[in-house]
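Only one structure is covered here, and it is reproduced in the block below.
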Amino acid sequence: MRILIVEDEKGIGKFLRDGLKEEGFAVDIALDGNSGLELSRQNEYDIILLDWMLPGISGIEVCRNIRKVNTAVPIIFLTAKDTVSDTIFGLEAGANDYIRKPFAFEELLARIRVQLRTENAETTLLSVGDIELDINTHIVRKNNIEIPFTQKEFALLEFLLRNKNKVCTRTRIIEHVWDIHFDADTSVIDVYINALRKKLTAGEEKGYIQTVRGVGYIVREP
Amino acid sequence: MKYLSFRNRIAFNYIAVTALLIAVLFILIYLVIFQTVYDHLDTDLDAELQEVYSSIVVLDNTIVYANPNEWSEKEHGLIEVNPTFVAIVDSFGNVMRKTPNLRDVSLTFSDLKRGKKNFDTLLSGAPIRQMQTPIQNPTGKTLAYLIIAIPLQESIIVLKNLRQTLLVGYPIVLLVLFFLSRFIAGRSIAPIGAVIATAERITNENLEERITLPQNKDEIFTLTQTINNLLDRLRDVVMREKQFTADASHELRTPLAVMKGTLEVLVRKPREPEQYVEKIRDVVYEVDRMSQLVDHLLELARYESGSITPMVTNFELNTVITDCLRRLTPTADEKNISFHFTPENQYFVKADFTMTAIIIENILSNAVKYSPEGQSVSIAVEIRSGAVTCSIKDNGIGISDEQIAKIFDRFYRVDESRASNIQGKGIGLAIVKRLIDLQHCTLSVLSTPAAGTTFTISFP
C-alpha cells in the first residue's frame with residue numbers, strides 16, 4: 001500500500017513515515033501543498049494524509065484539486081483545527097476522514113485501514129489456498145503455522161492478495177509497494193517474488209504466484 | 001423628559017415653542033380686533049357728534065337748536081335697530097334735552113372729565129358706548145355737555161365670540177399640532193429604528209452583516225456609515241483574535257503531536273538502544289522548542305494584559321546595543337554574518353532598559369535569521385529631528401509592502417514555509433510592537449524585497 005503524506009512539519013512527517021513503514025506501507029512525504037499535488041499526480045497512491053495548514057496552497061485547496069481528477073483515493077485530513085465548522089469544511093472539500101492533532105498513532109492506523117477496506121470489509125484476513133494473511137497483526141500463516149516475513153515481503157504479498165485473480169503489472173506493484181526513491185529498473189521485484197514463492201510453497205509443487213510473461217504477476221487459487 | 005421617547009420629546013419641544021407663539025398670535029389678533037371694533041364705534045360716535053353739534057348754535061349763554069329735525073330722526077326714535085342716543089345736560093347732570101328713544105332714562109354723566117371723552121357704560125342694563133363733549137360759548141365757558149351713545153351689545157358679542165373661539169381653538173390647535181409633529185417625528189426617526197434592529201441582530205456570529213445605507217445622504221446615513229465602519233473594525237479585531245487562537249493552538253499542538261507520535265511509534269516494538277536514544281533526543285528537542293514558544297506567548301500575554309508598565313530610566317543606548325550584539329555573535333558567526341556598529345557619541349534615552357534591550361535583540365536576531373550567509377547587518381544611532389533613533393539594516397530577503405502591515409501580527413511569518421531552515425514562530429515582532437507602544441516609541445520599517453530591510457526605532 002502506497003501512502004502520500006503532505007505535511008510541512010518535519011517532526012510529524014518523520015514519525016508517520018517510520019511508523020507506517022513498519023506497517024508495510026510505502027511512504028512519500030511532501031513538505032508543501034504544491035509538491036503534494038505534484039506527487040499525487042505523478043504516482044498512484046492508495047491513501048493520502050493531508051495537513052490543513054500548509055505553506056503555499058492550503059490542504060483544503062490540495063484536496064479540492066486532487067478531487068478534480070481523482071475521486072477514488074481516500075484522503076484523511078490531519079489538523080490542529082478542531083471546531084465543528086472546520087471539520088465540516090474539510091469533509092466538504094472532499095476528504096474522507098478527519099483526525100485531530102495530536103492524535104494517537106494507533107487511531108490513525110485504524111482510520112487508514114477503514115479507508116483501505118475492500119468489499120469483503122468485515123475481515124482483516126486475506127487468503128489463498130492454505131495461506132492466510134492478517135492485515136492487523138501482520139502475521140502470515142500456512143496451515144495455521146506462522147511464517148516470518150519482512151515488512152516489504154508482507155506489503156508485496158498483501159498487495160497481490162488484495163488483487164487476487166487479477167494481473168498485477170510490474171508498474172502497479174512498484175507504485176503501490178515501493179516509495180518514490182525506488183528505481184524501477186532494478187530486478188528487486190523478482191528477488192522479492194522469488195523470496196515470497198519460497199516461503200509460501202515451502203518446497204511443494206503448487207505455486208500461488210504465477211508469472212504473466214512480459215506483464216507481471218498474478219495470484220490464483222491453486 | 002428623560003423618560004420620554006425621542007419622538008415624544010421632539011413633539012413636546014416643538015409644541016412648547018408653538019404654544020407660546022400661538023398664544024402671542026391669538027392675543028395679538030384679539031387686541032387688534034378689539035381695537036378695530038372700538039375705533040369703529042368711536043368713529044361712528046364722532047360722526048354723530050359732529051352732526052348733532054352742527055345743529056346747535058351757542059349764543060352767549062344760551063343754546064339754540066338750529067335744526068330741531070335732527071332730534072327726531074329715525075335713529076333717535078328707535079331703541080331696537082341701530083339707535084343713537086343723544087342728550088344735552090348741564091354741568092350738574094340735569095337733562096336739558098334728549099332724543100325720544102331715551103324715554104324716561106338718562107345717559108350717565110361723567111362730570112369729572114371736562115374734555116371730550118369716550119367710555120363704556122350701561123343704559124338700563126344694556127352696554128353702551130358714550131361720547132361726551134362740552135358745549136362752550138365763544139368765551140370758553142362750558143354751558144352744557146353733549147352726550148352721544150350707541151349700543152355696545154353687538155360689538156361685545158362679536159368680541160366675546162372671538163375670544164371664545166380663540167380660547168377653545170387654542171388647545172385644539174395645540175393638540176392637533178402635537179399629534180401631527182409626533183407623527184412626523186416618528187416618521188423621520190423611523191430609519192433609526194431600522195438601524196437599531198439590525199445592530200441588535202449583529203453578534204459575534206454574523207459580524208459580516210451590515211446595516212443597509214439609507215437612500216438620502218442625511219444624518220441617518222452618516223450614523224449608519226459610522227456604525228458600519230465600527231463593525232468593520234470590530235470584525236478585524238475579532239478575526240485577528242480568532243486567527244491568533246487558531247495559530248496558537250496549531251503551534252502548541254504540533255510539537256505535542258510530534259512528541260506523542262514519535263513516542264507511540266517508538267514503543268510499538270522493541271528496539272535497539274541507539275534508536276531509543278535518537279528518538280528521545282528528538283522529543284527533547286521538541287520539548288525545548290515548545291517551552292520556548294510557551295515562554296514567548298506568556299511574555300507577550302504579560303505585555304498585552306497591560307499589567308507591566310515600563311520603568312523609565314535614563315541610560316546610554318550604545319551599551320545596550322553592544323550587549324545585544326555580544327549575545328547574538330555566536331548565532332551570527334554560524335552564518336558568517338558580520339555586524340557593523342561603530343559607537344561614536346553617547347546617546348542617552350529615557351526608556352525602559354530591559355524592554356529596549358528586548359526590542360533591539362529581537363530585531364537584530366531577525367536580521368540575522370533573514371540574511372543570507374556572509375552578509376552584514378549594520379546598526380546606526382543618530383539624532384533625527386530632535387529624537388534619538390536607532391536603525392538596524394540588513395541585506396536579507398526583504399519584506400513586500402503588503403507583508404509589512406502584517407509582520408507585527410502574532411504568528412505571522414514572512415517566509416511561510418515552516419519547512420525552511422529559518423527558525424521562529426513569528427512572535428518576536430509582535431512582542432517588539434507591544435514594547436514599542438508601551439514605551440511610546442515609534443518604529444518604522446523600510447524594505448525592498450530581495451535587497452534588505454531597515455528597522456528604525458525612534459525614542460521619545
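Only the coordinates and a few stated rules stand behind these numbers; no lab work does. Not measured: the values here are computed from a predicted model. Here the Cβ positions follow ideal geometry from the backbone for every residue, glycine too, while neighbour counts run over all protein chains shown.
A few comments on the model shown:
- Cβ-based exposure ranking for A:I75, B:I397, A:I66, A:I57, in which fewest neighbours within 10 Å come first: A:I57, B:I397, A:I66, A:I75
- Taking all Cα pairs closer than 8 Å and separated by 6 or more residues, the relative contact order of the range B:215-333 comes to 20 percent.
- Site pair B:L256 and B:E209 shows an inter-label distance of 3.5 nm when each label is modelled 7 Å from Cα along Cα→Cβ.
- Using every pair of distinct Cα positions in the range A:125-219, the Kirkwood expression returns a hydrodynamic radius of 13.6 angstrom.
- Residues A:A72 and A:E107, FRET efficiency given R0 of 22 Å [Cβ-Cβ distance, rounded to 0.05]: 0.40
- Efficiency of FRET between A:R172 and A:E92 - r from beta-carbon atoms, R0 41 angstrom, step 0.05: 0.85
- Of the three principal axes defined by the Cα atoms of the protein assembly as shown, the extents in descending order read 180, 80, 37 Å.
- In this label model, B:A199 and B:D46 are separated by 6.7 nm, measuring between points 7 Å along each Cα→Cβ vector.
- Among B:L162, A:T171, B:V432 - extreme Cα towards positive end, dipole of the protein assembly as shown, charges at beta-carbon: B:L162
- Spin-label model distance (nm) - B:A387 vs B:T331, 7 Å beyond Cα toward Cβ: 2.6
- The alpha-carbon positions of chain B define a convex hull whose volume is 326 Å³ per residue.
- Cα gyration tensor shape of the range B:284-438, rounded if a/c is under 1.5, else prolate or oblate by comparing a/b with b/c: oblate
- Residue pairs, from the table A:K101/B:K335; B:K279/B:K406; A:K10/A:K198; A:K14/B:K369; B:K260/B:K393, whose Cα atoms sit over 31 Å apart: A:K101/B:K335; B:K279/B:K406; A:K10/A:K198; B:K260/B:K393
- Selection among B:S106, B:I63, B:F26 by position relative to the dipole of the range B:6-160 gives B:F26 as farthest towards the positive end (Cβ unit charges, Cα centre).
- Nearby aspartates and glutamates by direct alpha-carbon distance to A:K68 (threshold 16 angstrom, same-chain neighbours under 8 apart not counted): A:E38, A:E44, A:E92
- Whether the range A:2-116 is rounded, prolate or oblate, judged on the alpha carbon gyration tensor where a/c under 1.5 counts as rounded: rounded
- Neighbours of A:D190, meaning other residues whose beta-carbon lies under 11 angstrom from its beta-carbon, give a summed charge of +2 when Lys and Arg score +1 and Asp and Glu score -1.
- Computed E for B:D60/B:L31 - FRET, C-beta separation, R0 35 angstrom, nearest 0.05: 0.15
- Taking the helices alone, the protein assembly as shown has a mean residue ellipticity at 222 nm of -16000 deg cm²/dmol, built from -39,500 (n - 2.57) per DSSP H run of at least 4 residues and averaged over all its residues.
- Taking every C-alpha pair closer than 8 Å and separated by at least 6 residues, the mean separation divided by the residue count of the range A:13-94 gives a relative contact order of 27 percent.
- Fraction in percent of alpha-carbon pairs per bin - 5 Å, the range B:121-166: 5, 19, 16, 15, 13, 11, 8, 6, 4, 2, 0
- Length added when fully stretched, B:R268-B:R97, from 0.36 nm per residue minus Cα-Cα: 46.8 nm
- Anisotropy class of the range B:219-303 from Cα gyration tensor, a/c 1.5 cut: prolate
- About its Cα centre, the dipole of the range B:309-458 is roughly 300 debye, where the only charges are +1 on Lys and Arg Cβ and -1 on Asp and Glu Cβ.
- Charge dipole magnitude, Cβ of K and R +1, D and E -1 - the range A:44-91, Cα centre, debye nearest 20: 180
- Using θ = phi - 60° and Karplus 6.51 cos²θ - 1.76 cosθ + 1.60, couplings along the range B:53-63 (whole Hz; Gly, Pro as x): 4, 6, 8, 10, 10, 9, 10, 6, 10, 10, 9
- Gain on full extension, evaluated as 0.36 nm per residue between B:N13 and B:T322 minus their Cα-Cα distance, stands at 104.1 nm.
- Residues listed by number, the range B:204-230, amide nitrogen under 14 Å from B:E241 label point at 7 Å toward C-beta: B:204-207
- With contacts taken as Cα pairs under 8 Å and at least 6 residues apart, the range B:6-160 reaches a relative contact order of 21 percent.
- Angle of helix A:33-42 to the longest C-alpha principal axis of chain A, folded into 0 to 90 degrees and rounded to 10: 30°.
- The mean number of Cβ atoms from other chains found within 10 Å of a Cβ in peptide A:3-14 is 4, as a whole number.
- About the Cα centre, charge dipole magnitude for the protein assembly as shown (Lys/Arg +1, Asp/Glu -1 at Cβ), debye: 720
- Neighbour counts of C-beta atoms inside 10 Å place B:L364, B:L266, B:L175 in the sequence B:L175, B:L266, B:L364, starting with the fewest.
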